[in-house]
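Below is one structure, written out as C-alpha coordinates; comments come after it.
The values are calculated or read from the model by the stated rules, or taken from the named source; none is laboratory data. Values in this document were obtained by computation on a predicted structure and should not be read as measured data. Cβ placement follows ideal geometry from the backbone for every residue including glycine, while neighbour counts extend to all protein chains displayed. Surface accessibility is based on the protein's heavy atoms, side chains included, excluding ligands, DNA and RNA. Shrake-Rupley method; radii C 1.70, N 1.55, O 1.52, S 1.80 Å.
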Amino acid sequence: VVVAVDVPAGAAAADPDRGLDPAALGEVRVTGTVALARAASVHVDSDDAEEDVTAAAGALEAADGGDDDAQFVVDGAEDHELLWYATQEIRNLVGFGG
(Lines give C-alpha, C1' and ligand atoms only; values in the text may rest on other atoms or scores of the structure.)
Protein backbone atom coordinates (compact mmCIF):
# COMPACT_ATOMS: atom_id res chain seq x y z
CA VAL A 1 0.00 0.00 0.00
CA VAL A 2 1.22 3.48 -0.86
CA VAL A 3 -0.53 6.53 0.57
CA ALA A 4 0.32 9.81 -1.14
CA VAL A 5 0.04 12.67 1.35
CA ASP A 6 0.71 16.38 1.34
CA VAL A 7 3.08 17.36 4.15
CA PRO A 8 4.83 20.63 5.04
CA ALA A 9 8.32 21.29 3.72
CA GLY A 10 10.92 19.57 5.88
CA ALA A 11 8.49 16.94 7.21
CA ALA A 12 9.79 14.24 4.85
CA ALA A 13 13.33 12.94 4.40
CA ALA A 14 14.28 11.24 1.13
CA ASP A 15 16.28 7.99 1.12
CA PRO A 16 16.28 7.52 4.93
CA ASP A 17 19.17 5.42 6.20
CA ARG A 18 19.94 4.05 2.74
CA GLY A 19 22.90 6.21 1.66
CA LEU A 20 21.50 6.90 -1.81
CA ASP A 21 20.95 3.19 -2.43
CA PRO A 22 19.28 2.81 -5.87
CA ALA A 23 16.86 0.30 -4.30
CA ALA A 24 15.54 3.11 -2.09
CA LEU A 25 14.51 5.33 -5.01
CA GLY A 26 11.31 7.09 -4.00
CA GLU A 27 11.52 6.01 -0.36
CA VAL A 28 10.77 8.71 2.18
CA ARG A 29 10.27 8.93 5.92
CA VAL A 30 7.71 11.35 7.32
CA THR A 31 8.28 12.74 10.78
CA GLY A 32 5.29 12.97 13.06
CA THR A 33 1.71 11.93 12.51
CA VAL A 34 -0.13 12.66 9.28
CA ALA A 35 -3.90 13.04 9.39
CA LEU A 36 -5.82 10.96 6.87
CA ALA A 37 -7.36 14.22 5.65
CA ARG A 38 -3.91 15.06 4.19
CA ALA A 39 -4.06 12.02 1.87
CA ALA A 40 -4.15 12.78 -1.83
CA SER A 41 -4.57 9.20 -3.07
CA VAL A 42 -4.00 5.55 -2.17
CA HIS A 43 -2.28 2.92 -4.32
CA VAL A 44 -2.78 -0.79 -3.61
CA ASP A 45 -1.69 -4.05 -5.21
CA SER A 46 -4.44 -6.05 -6.90
CA ASP A 47 -5.38 -9.44 -5.45
CA ASP A 48 -3.39 -11.27 -8.12
CA ALA A 49 -0.15 -9.76 -6.72
CA GLU A 50 -0.55 -11.38 -3.28
CA GLU A 51 1.53 -14.50 -3.95
CA ASP A 52 4.40 -12.57 -5.57
CA VAL A 53 4.41 -9.87 -2.89
CA THR A 54 4.41 -12.47 -0.09
CA ALA A 55 7.30 -14.32 -1.73
CA ALA A 56 9.20 -11.05 -2.21
CA ALA A 57 8.76 -10.10 1.45
CA GLY A 58 10.31 -13.45 2.42
CA ALA A 59 13.19 -13.00 -0.03
CA LEU A 60 13.99 -9.35 0.67
CA GLU A 61 16.73 -9.90 3.25
CA ALA A 62 18.54 -12.40 1.03
CA ALA A 63 18.16 -10.09 -1.98
CA ASP A 64 19.64 -7.21 0.02
CA GLY A 65 22.52 -9.56 0.83
CA GLY A 66 23.29 -10.10 -2.85
CA ASP A 67 21.43 -13.36 -3.57
CA ASP A 68 20.54 -13.19 -7.28
CA ASP A 69 17.74 -15.76 -7.02
CA ALA A 70 16.14 -13.83 -4.18
CA GLN A 71 16.49 -10.60 -6.17
CA PHE A 72 14.62 -12.27 -9.05
CA VAL A 73 11.75 -13.06 -6.64
CA VAL A 74 11.70 -9.45 -5.40
CA ASP A 75 11.75 -8.12 -8.96
CA GLY A 76 8.74 -10.31 -9.77
CA ALA A 77 6.65 -8.45 -7.21
CA GLU A 78 7.68 -5.14 -8.72
CA ASP A 79 6.16 -6.19 -12.06
CA HIS A 80 2.64 -5.66 -10.68
CA GLU A 81 0.96 -2.32 -11.27
CA LEU A 82 -0.53 -0.54 -8.27
CA LEU A 83 -4.23 0.32 -8.46
CA TRP A 84 -5.14 3.98 -7.84
CA TYR A 85 -7.91 5.01 -5.46
CA ALA A 86 -9.26 8.45 -4.63
CA THR A 87 -9.41 9.49 -0.99
CA GLN A 88 -13.20 9.03 -0.99
CA GLU A 89 -12.63 5.30 -1.58
CA ILE A 90 -10.35 4.70 1.43
CA ARG A 91 -13.24 3.66 3.70
CA ASN A 92 -14.22 0.94 1.21
CA LEU A 93 -10.63 -0.30 0.94
CA VAL A 94 -10.32 -0.88 4.66
CA GLY A 95 -13.77 -2.40 5.04
CA PHE A 96 -15.60 0.51 6.63
CA GLY A 97 -17.69 1.36 3.56
CA GLY A 98 -21.33 0.71 3.24
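Screening the stretch 23-98 for helices (runs of 4 or more DSSP H) wholly inside it with 3 or more residues that are modelled with pLDDT of 85 or more returns the ranges 50-64, 68-78.
Specify the residue that is surrounded by the most Cβ atoms within 10 Å (Cβ to Cβ); the eligible residues are those in the stretch 4-16 that are at pLDDT 85 or above and under 14 Å from the mean Cα position of the chain (by Cα). Among those residues, the one meeting the criterion is Val5. Mind checking whether some residue in the stretch 40-54 is closer than 28 Å to Val7 by Cα and open to solvent by 70 Å² or more (accessible area, probe 1.4 Å)? Checked against the condition, which is being closer than 28 Å to Val7 by Cα and open to solvent by 70 Å² or more (accessible area, probe 1.4 Å), the stretch 40-54 yields no hits at all.
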